[in-house]
1. Would it be correct to say that V48 is under 15 Å from R14 (Cα atoms), touching a residue at least 12 places away in the same chain (Cβ under 8 Å) and assigned to a loop (DSSP other than H, G, I, E, B)?
2. Out of curiosity, is L60 open to solvent by 70 Å² or more (accessible area, probe 1.4 Å), in a helix (DSSP H, G or I) and modelled with pLDDT of 85 or more?
3. Of everything in segment 37-64, what is more than 17 Å from the chain's Cα centre (by Cα) and not β-branched (V, I, T)? Give them in sequence order.
4. Could you tell me whether any residue of segment 55-78 is hydrophobic (A, V, I, L, M, F, W, C) and in contact with a Pro (Cβ under 6 Å, 6 or more places away or on another chain)?
5. Evaluate segment 7-15: report whether one residue or more is open to solvent by 60 Å² or more (accessible area, probe 1.4 Å), on the phi < 0 side of the Ramachandran plot, in a helix (DSSP H, G or I) and touching a Ser or Thr at 6+ places or on another chain (Cβ under 7 Å).
6. Kindly check whether there is at least one residue in segment 26-33 that is open to solvent by 40 Å² or more (accessible area, probe 1.4 Å), within 20 Å of A97 (Cα to Cα), among the aliphatic types (A, V, I, L, M) and in contact with a strand residue (DSSP E or B) (Cβ under 9 Å, 6 or more places away or on another chain).
7. In segment 70-119, what count of residues is obtained for those that are in a loop (DSSP other than H, G, I, E, B), surrounded by 14 or more Cβ atoms within 10 Å (Cβ to Cβ) and free of Cβ contacts under 8 Å to residues at least 24 places away in the same chain?
Amino acid sequence: MDIFINRRGGVPVRDQLVTQLELKILGGELARGQRLPSVRALARRLKVHHNTVSAAYQDLQEAGHVDLRRGSGVFVRTGGPRALSEAEGLDEMIRLALHAAFAKGFGGGEVRAAVERAADELDRLIAGSA
């Protein structure tokens, strides 16, 4: 399982970890019932504090993506929604759409540009309704 941490990007390591794992779960790369690396093993591999990994796993549990089984490990609970209509919240909808864009072969730059265009449109809509 590949996870990449950018220490210079301004996004907290915990958030990077949660987002990458969530995308892997939603995309099916991590299957239902699959055991994730232990907190300490993943922390060593990523060269981060084990509390960072533990907090990320807790965030994933709160979002309903994993089960934390004390003494046994962390296991993928679900592959997540396959359609926007199945998503439980706005963040999940956005992540699902992002994953779909990457799965279709769009690059990071293309996705970022589309998201920025959408954010600009949202700003115009908000300004128009004020």
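1. Values: under 15 Å from R14 (Cα atoms): yes; touching a residue at least 12 places away in the same chain (Cβ under 8 Å): yes; assigned to a loop (DSSP other than H, G, I, E, B): yes.
Criteria met by V48.
2. Details: open to solvent by 70 Å² or more (accessible area, probe 1.4 Å): no; in a helix (DSSP H, G or I): yes; modelled with pLDDT of 85 or more: yes.
No; evaluated as a whole, the condition is false for this residue.
3. S38, R40, A41, A43, R44, R45, K47, H49, H50, N51
4. Filtering segment 55-78 down to residues hydrophobic (A, V, I, L, M, F, W, C) leaves 55-56, 60, 63, 66, 68, 74-76.
Adding the requirement that they be in contact with a Pro (Cβ under 6 Å, 6 or more places away or on another chain) leaves none.
No, segment 55-78 contains no residue that is hydrophobic (A, V, I, L, M, F, W, C) and in contact with a Pro (Cβ under 6 Å, 6 or more places away or on another chain).
5. So in segment 7-15, the residues open to solvent by 60 Å² or more (accessible area, probe 1.4 Å) come out as 7-8, 10-12, 14-15.
Add one more test, that the residue is on the phi < 0 side of the Ramachandran plot, and what stays is 7-8, 11-12, 14-15.
Next, only the ones that are in a helix (DSSP H, G or I) stay: 14-15.
Next, only the ones that are touching a Ser or Thr at 6+ places or on another chain (Cβ under 7 Å) stay: 14.
Yes - at least one qualifying residue is present in segment 7-15.
6. yes
7. 2
The values are calculated or read from the model by the stated rules, or taken from the named source; none is laboratory data. Small disclaimer: the values here were computed from a predicted structure and weren't measured. Using ideal geometry, Cβ is built from the backbone for each residue, glycine included, and neighbour counts are taken over all protein chains shown. Ligands, DNA and RNA are stripped out before the accessible areas are found, and what is left, the full protein with its side chains, is counted by its heavy atoms. Shrake-Rupley method; radii C 1.70, N 1.55, O 1.52, S 1.80 Å.
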